[in-house]
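The values are calculated or read from the model by the stated rules, or taken from the named source; none is laboratory data. If you're wondering where the values come from, they're calculated on a predicted model, not measured in any experiment. Cβ placement follows ideal geometry from the backbone for every residue including glycine, while neighbour counts extend to all protein chains displayed. For accessibility, only protein heavy atoms count, side chains too; no ligands or nucleic acids. Shrake-Rupley method; radii C 1.70, N 1.55, O 1.52, S 1.80 Å.
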Amino acid sequence: MIRLLLIGPPGSGKGTQASRLAETFGVPAVSTGDIFRANVKNGTALGLEAKAYMDAGEYVPDSLTNAIVHDRLQEVDASGGFLLDGYPRTEEQVAELDRLLASDGTRLDAVVQLVADPDEVVRRLLKRAVDQGRADDTEDVIRHRMALYEAQTAPLLNIYGARGLVTKVDALGDVDEVTSRILTALADRGIREPGGKNAQSVGSAESVA
Ligand code: B4P
């Protein structure tokens, strides 16, 4: 079983790759963005509170975000592993995830950093705006989300980098190509697809530089 994080700027393909990797490794993909959007759609109290932040491209407050991740990771399907997409995004969220993992006696296997050119991600998100009509996919809000990523989330890569967990992957190119780069990068750290060629269990990756 595997515990992975996907970190990258808006539009780098986190959600797209998360569902593929989760299927490959047989773990749930947990996307805080998807959880918030489902709550907005269902008109829950959480959704009402999160909506204003999301529409403005701001981060939802740590207290709310940490609480939903805490609850989600207690669900039975996440007991053997998970792939977190879009969490953590702040230092306080890193601290909360550290507490959760420590209380379960588990640890992360790897952090996949998706690297993408800003103009390309803006182009992708503007296309998604046309396809899906997401309220936070206007050019001004996208630029704001990217600036917030640089200010608050990119520094988390230094924290995980110091722990020897970060694997950088070029997120440009077609979706299959990016998936295959991620799988190769993980395999290089000894993290292989279950049942795949040279499959082996994970657990020792944290010490691999
Ligand atoms: P998210 O849902 O995480 O939104 P995102 O950063 O845009 O990523 P997403 O997964 O949707 O897009 P992806 O890169 O896969 O967050 C939305 C909001 O929720 C945040 O702004 C914030 O308000 C709130 N939030 C979420 N988590 C939070 C947290 N931890 N703390 C606080 N607030 C939080 O893909 C983008 C597009 O690119 C897609 O249309 C896809 O089809 C396309 N694409 C992907 N790969 C491609 C490729 N290789 N080539 C071409 N197109 C590609």
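Return only the number of the condition from (1) within 13 Å of the ligand (Cβ to nearest atom); (2) within 20 Å of Asp34 (Cβ to Cβ); (3) assigned to a helix (DSSP H, G or I); (4) open to solvent by 60 Å² or more (accessible area, probe 1.4 Å) that Asp77 does not satisfy.
Here Asp77 meets the rest and fails (1).
The rows are residues; the columns are (1) aliphatic (A, V, I, L, M); (2) closer than 22 Å to Arg123 by Cα; (3) under 18 Å from the mean Cα position of the chain (by Cα).
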{"position": "Ile159", "(1), (2), (3)": "yes, no, yes"}
{"position": "Ala171", "(1), (2), (3)": "yes, yes, yes"}
{"position": "Ser180", "(1), (2), (3)": "no, no, yes"}
{"position": "Leu183", "(1), (2), (3)": "yes, no, yes"}
{"position": "Ala187", "(1), (2), (3)": "yes, no, no"}
{"position": "Ile191", "(1), (2), (3)": "yes, no, yes"}
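I'm checking my understanding of the structure. Among residues of the range 86-95 that are within 10 Å of the ligand (Cβ to nearest atom) and of a type in the set (D, E, K, R), which one is surrounded by the most Cβ atoms within 10 Å (Cβ to Cβ)?
Among them, the one singled out is Arg89.
Identify the single condition in (1) within 10 Å of the ligand (Cβ to nearest atom); (2) touching a residue at least 40 places away in the same chain (Cβ under 8 Å); (3) buried (at least 21 other Cβ atoms within 10 Å of the Cβ) that Leu5 does not satisfy, given that it satisfies every other one.
Only one criterion is unmet by Leu5, namely (1).
Consider the range 36-66. How many of its residues are more than 19 Å from Thr153 (Cα to Cα), within 18 Å of the chain's Cα centre (by Cα) and open to solvent by less than 70 Å² (accessible area, probe 1.4 Å)?
Going through the range 36-66, the residues more than 19 Å from Thr153 (Cα to Cα) turn out to be 37-49, 51-52.
Subsequent filtering for residues that are within 18 Å of the chain's Cα centre (by Cα) retains 37-38.
Those still in the list that are open to solvent by less than 70 Å² (accessible area, probe 1.4 Å) too: 38.
Residues in the range 36-66 being more than 19 Å from Thr153 (Cα to Cα), within 18 Å of the chain's Cα centre (by Cα) and open to solvent by less than 70 Å² (accessible area, probe 1.4 Å): 1 in total.
Hey, which of the helices (runs of 4 or more DSSP H) in the range 1-58, taking only ones fully inside, have at least 3 residues that are of a type in the set (Gly, Ala, Ser)? Show your work before the answer.
Values: elements: 14-25, 32-42, 45-55.
The helices (runs of 4 or more DSSP H) meeting that bar are 14-25, 45-55.
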